[in-house]
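I'd like to ask some things about the structure below.
The values are calculated or read from the model by the stated rules, or taken from the named source; none is laboratory data. Predicted model, so just to flag it, every value in this text is computed and none were measured. With ideal geometry, Cβ positions are generated from the backbone for all residues, glycine too; neighbour counts draw on all protein chains shown.
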(Lines give C-alpha, C1' and ligand atoms only; values in the text may rest on other atoms or scores of the structure.)
Protein backbone atom coordinates (compact mmCIF):
# COMPACT_ATOMS: atom_id res chain seq x y z
CA UNK A 1 0.00 0.00 0.00
CA UNK A 2 1.42 3.38 -0.97
CA UNK A 3 1.76 5.89 1.84
CA UNK A 4 1.37 9.60 1.13
CA UNK A 5 3.81 11.49 3.30
CA UNK A 6 4.64 14.31 0.92
CA UNK A 7 2.77 17.57 0.33
CA UNK A 8 -0.31 15.74 -1.00
CA UNK A 9 -0.70 13.63 2.14
CA UNK A 10 -0.29 16.65 4.41
CA UNK A 11 -2.79 18.60 2.29
CA UNK A 12 -5.39 15.83 2.66
CA UNK A 13 -4.89 15.74 6.42
CA UNK A 14 -5.19 19.53 6.68
CA UNK A 15 -8.29 19.44 4.45
CA UNK A 16 -9.85 16.78 6.65
CA UNK A 17 -9.24 18.82 9.81
CA UNK A 18 -10.59 21.93 8.12
CA UNK A 19 -13.77 20.16 6.98
CA UNK A 20 -14.52 18.79 10.44
CA UNK A 21 -13.81 22.13 12.11
CA UNK A 22 -15.95 23.97 9.55
CA UNK A 23 -18.79 21.51 9.94
CA UNK A 24 -18.77 21.80 13.74
CA UNK A 25 -18.47 25.60 13.66
CA UNK A 26 -21.29 25.93 11.15
CA UNK A 27 -23.58 23.71 13.18
CA UNK A 28 -22.82 25.62 16.38
CA UNK A 29 -23.39 29.05 14.84
CA UNK A 30 -26.58 28.35 12.86
CA UNK A 31 -27.98 24.83 13.31
CA UNK A 32 -30.82 25.20 10.79
CA UNK A 33 -28.82 26.72 7.95
CA UNK A 34 -25.88 24.42 8.42
CA UNK A 35 -27.89 21.19 8.23
CA UNK A 36 -27.82 21.12 4.44
CA UNK A 37 -24.06 21.63 4.27
CA UNK A 38 -23.47 19.08 7.00
CA UNK A 39 -25.68 16.54 5.28
CA UNK A 40 -23.89 17.02 1.96
CA UNK A 41 -20.44 16.74 3.52
CA UNK A 42 -21.33 13.70 5.61
CA UNK A 43 -23.20 12.05 2.75
CA UNK A 44 -20.25 12.54 0.43
CA UNK A 45 -17.99 11.16 3.13
CA UNK A 46 -20.23 8.13 3.64
CA UNK A 47 -20.27 7.45 -0.09
CA UNK A 48 -16.51 7.81 -0.23
CA UNK A 49 -16.09 5.48 2.71
CA UNK A 50 -18.02 2.69 0.98
CA UNK A 51 -15.97 2.90 -2.22
CA UNK A 52 -12.63 1.09 -2.27
CA UNK A 53 -10.07 3.79 -1.55
CA UNK A 54 -6.39 3.03 -1.09
CA UNK A 55 -5.78 6.59 0.14
CA UNK A 56 -5.72 6.55 3.94
CA UNK A 57 -6.16 10.31 4.14
CA UNK A 58 -9.42 10.09 2.16
CA UNK A 59 -10.65 7.31 4.45
CA UNK A 60 -9.77 9.36 7.52
CA UNK A 61 -11.57 12.37 6.05
CA UNK A 62 -14.68 10.32 5.32
CA UNK A 63 -14.67 8.73 8.76
CA UNK A 64 -14.19 12.08 10.51
CA UNK A 65 -17.02 13.70 8.56
CA UNK A 66 -19.39 10.84 9.36
CA UNK A 67 -18.40 10.90 13.02
CA UNK A 68 -18.91 14.68 13.18
CA UNK A 69 -22.35 14.39 11.59
CA UNK A 70 -23.34 11.62 14.02
CA UNK A 71 -22.15 13.68 17.01
CA UNK A 72 -24.08 16.73 15.77
CA UNK A 73 -27.19 14.61 15.21
CA UNK A 74 -26.88 13.01 18.65
CA UNK A 75 -26.57 16.44 20.25
CA UNK A 76 -29.67 17.56 18.36
CA UNK A 77 -31.56 14.46 19.60
CA UNK A 78 -30.49 15.21 23.18
CA UNK A 79 -31.94 18.73 22.77
CA UNK A 80 -35.16 17.37 21.16
CA UNK A 81 -34.33 19.02 17.80
CA UNK A 82 -35.46 15.96 15.89
CA UNK A 83 -35.94 17.64 12.51
CA UNK A 84 -32.32 18.80 12.48
CA UNK A 85 -31.10 15.39 13.64
CA UNK A 86 -33.06 13.57 10.96
CA UNK A 87 -31.84 15.97 8.28
CA UNK A 88 -28.32 14.80 9.14
CA UNK A 89 -29.16 11.13 9.69
CA UNK A 90 -31.44 10.31 6.73
CA UNK A 91 -28.71 10.61 4.04
CA UNK A 92 -26.21 8.71 6.18
CA UNK A 93 -28.72 5.92 6.77
CA UNK A 94 -29.39 5.75 3.04
CA UNK A 95 -25.64 5.44 2.49
CA UNK A 96 -25.48 2.46 4.86
CA UNK A 97 -23.99 3.95 8.03
CA UNK A 98 -25.21 1.50 10.74
CA UNK A 99 -25.50 4.00 13.62
CA UNK A 100 -27.46 6.38 11.40
CA UNK A 101 -29.75 3.51 10.35
CA UNK A 102 -30.33 2.65 14.00
CA UNK A 103 -31.08 6.26 14.98
CA UNK A 104 -33.47 6.79 12.06
CA UNK A 105 -35.23 3.56 13.01
CA UNK A 106 -35.53 4.79 16.60
CA UNK A 107 -37.00 8.01 15.24
CA UNK A 108 -39.67 5.99 13.46
CA UNK A 109 -40.37 3.83 16.51
CA UNK A 110 -40.46 6.69 19.01
CA UNK A 111 -42.52 8.98 16.77
CA UNK A 112 -40.01 11.77 16.25
CA UNK A 113 -41.75 12.35 12.95
CA UNK A 114 -45.53 12.56 12.69
CA UNK A 115 -46.30 9.10 14.10
CA UNK A 116 -44.79 5.78 15.15
CA UNK A 117 -43.93 3.60 12.17
CA UNK A 118 -42.52 0.16 12.96
CA UNK A 119 -42.77 -0.99 9.34
CA UNK A 120 -40.33 1.74 8.26
CA UNK A 121 -38.05 1.05 11.23
CA UNK A 122 -37.68 -2.70 10.72
CA UNK A 123 -35.49 -2.75 7.56
CA UNK A 124 -33.20 -0.08 8.99
CA UNK A 125 -32.82 -1.88 12.31
CA UNK A 126 -32.24 -5.18 10.52
CA UNK A 127 -29.46 -3.76 8.31
CA UNK A 128 -27.75 -2.09 11.27
CA UNK A 129 -28.04 -5.30 13.31
CA UNK A 130 -26.60 -7.36 10.45
CA UNK A 131 -23.69 -4.89 10.34
CA UNK A 132 -22.95 -5.81 13.96
CA UNK A 133 -24.28 -2.74 15.79
CA UNK A 134 -25.00 -3.84 19.36
CA UNK A 135 -27.84 -1.35 19.98
CA UNK A 136 -29.61 -2.40 16.77
CA UNK A 137 -29.29 -6.08 17.65
CA UNK A 138 -30.98 -5.47 21.01
CA UNK A 139 -33.73 -3.39 19.40
CA UNK A 140 -34.33 -6.06 16.75
CA UNK A 141 -34.56 -8.73 19.47
CA UNK A 142 -37.23 -6.63 21.21
CA UNK A 143 -39.11 -6.09 17.96
CA UNK A 144 -39.27 -9.85 17.41
CA UNK A 145 -40.04 -10.63 21.06
CA UNK A 146 -43.02 -8.28 21.22
CA UNK A 147 -44.10 -8.31 17.56
CA UNK A 148 -43.36 -4.63 16.91
CA UNK A 149 -43.47 -4.16 13.14
CA UNK A 150 -42.89 -7.88 12.51
CA UNK A 151 -44.79 -11.04 13.41
CA UNK A 152 -43.83 -12.13 16.92
CA UNK A 153 -41.03 -14.69 16.63
CA UNK A 154 -39.38 -15.76 19.87
CA UNK A 155 -36.78 -17.84 18.01
CA UNK A 156 -35.58 -14.72 16.18
CA UNK A 157 -35.74 -12.75 19.43
CA UNK A 158 -33.43 -15.25 21.13
CA UNK A 159 -31.13 -15.35 18.08
CA UNK A 160 -30.71 -11.56 18.03
CA UNK A 161 -30.31 -11.40 21.81
CA UNK A 162 -27.55 -14.00 21.51
CA UNK A 163 -25.85 -12.03 18.73
CA UNK A 164 -26.04 -8.88 20.82
CA UNK A 165 -24.41 -10.76 23.68
CA UNK A 166 -21.59 -11.77 21.33
CA UNK A 167 -20.98 -8.17 20.18
CA UNK A 168 -21.66 -6.47 23.51
CA UNK A 169 -19.26 -3.58 24.10
CA UNK A 170 -16.51 -4.51 26.56
CA UNK A 171 -17.17 -1.47 28.75
CA UNK A 172 -20.67 -2.74 29.52
CA UNK A 173 -19.12 -5.61 31.50
CA UNK A 174 -16.66 -3.48 33.44
CA UNK A 175 -17.75 -1.93 36.74
CA UNK A 176 -17.94 1.84 36.97
CA UNK A 177 -14.70 3.51 38.17
CA UNK A 178 -16.11 4.39 41.62
CA UNK A 179 -18.28 1.31 41.94
CA UNK A 180 -18.25 -0.14 45.45
CA UNK A 181 -19.49 -3.56 44.41
CA UNK A 182 -17.90 -6.31 46.49
CA UNK A 183 -17.18 -9.73 45.09
CA UNK A 184 -19.46 -12.39 46.51
CA UNK A 185 -18.10 -15.89 46.97
CA UNK A 186 -20.28 -18.64 45.50
CA UNK A 187 -22.43 -20.46 48.04
CA UNK A 188 -22.16 -24.18 48.31
CA UNK A 189 -20.13 -26.97 49.89
CA UNK A 190 -16.72 -25.78 50.93
CA UNK A 191 -17.53 -22.15 50.19
CA UNK A 192 -16.60 -21.20 53.74
CA UNK A 193 -18.85 -18.85 55.48
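Just a yes or no: is a residue in the range 141-148 at positive phi and either out of contact with any helix residue (DSSP H, G or I) (no Cβ under 7 Å at 6 or more places or on another chain) or assigned by TED's automatic domain parsing to the domain that holds residue 107 (or both)? Don't jump to the end; show me each part of the working.
Here is the first cut: in the range 141-148, the residues at positive phi are 147.
Subset that is either out of contact with any helix residue (DSSP H, G or I) (no Cβ under 7 Å at 6 or more places or on another chain) or assigned by TED's automatic domain parsing to the domain that holds residue 107 (or both): 147.
Looking for residues that are at positive phi and either out of contact with any helix residue (DSSP H, G or I) (no Cβ under 7 Å at 6 or more places or on another chain) or assigned by TED's automatic domain parsing to the domain that holds residue 107 (or both), one finds at least one in the range 141-148, hence yes.
Within the bounds of the range 109-118, is there any residue that is surrounded by 24 or more Cβ atoms within 10 Å (Cβ to Cβ) and either part of a helix (DSSP H, G or I) or in contact with a strand residue (DSSP E or B) (Cβ under 7 Å, 6 or more places away or on another chain) (or both)?
At the first step, the residues of the range 109-118 found to be surrounded by 24 or more Cβ atoms within 10 Å (Cβ to Cβ) are none.
No, every residue in the range 109-118 fails to be surrounded by 24 or more Cβ atoms within 10 Å (Cβ to Cβ) and either part of a helix (DSSP H, G or I) or in contact with a strand residue (DSSP E or B) (Cβ under 7 Å, 6 or more places away or on another chain) (or both).
Sticking with this one: Kindly list the number of the only condition in (1) touching a helix residue (DSSP H, G or I) at 6+ places or on another chain (Cβ under 7 Å); (2) at pLDDT 95 or above that fails for residue 155.
Failing condition for residue 155: (1).
In the set 97, 125, which member is buried (at least 20 other Cβ atoms within 10 Å of the Cβ), under 14 Å from residue 149 (Cβ atoms) and either within 10 Å of the chain's Cα centre (by Cα) or in the same structural domain as residue 157 (by TED's automatic domain parsing) (or both)? Give the steps one after another, and end with the answer.
Numbers: 97 fails: under 14 Å from residue 149 (Cβ atoms).
It is 125.
Check 92, 88 and return the single one that is buried (at least 20 other Cβ atoms within 10 Å of the Cβ), within 26 Å of residue 141 (Cα to Cα) and either out of contact with any strand residue (DSSP E or B) (no Cβ under 8 Å at 6 or more places or on another chain) or at pLDDT 90 or above (or both).
Working: 88 fails: within 26 Å of residue 141 (Cα to Cα).
Step by step, each of 92, 88 is checked, and only 92 is buried (at least 20 other Cβ atoms within 10 Å of the Cβ), within 26 Å of residue 141 (Cα to Cα) and either out of contact with any strand residue (DSSP E or B) (no Cβ under 8 Å at 6 or more places or on another chain) or at pLDDT 90 or above (or both).
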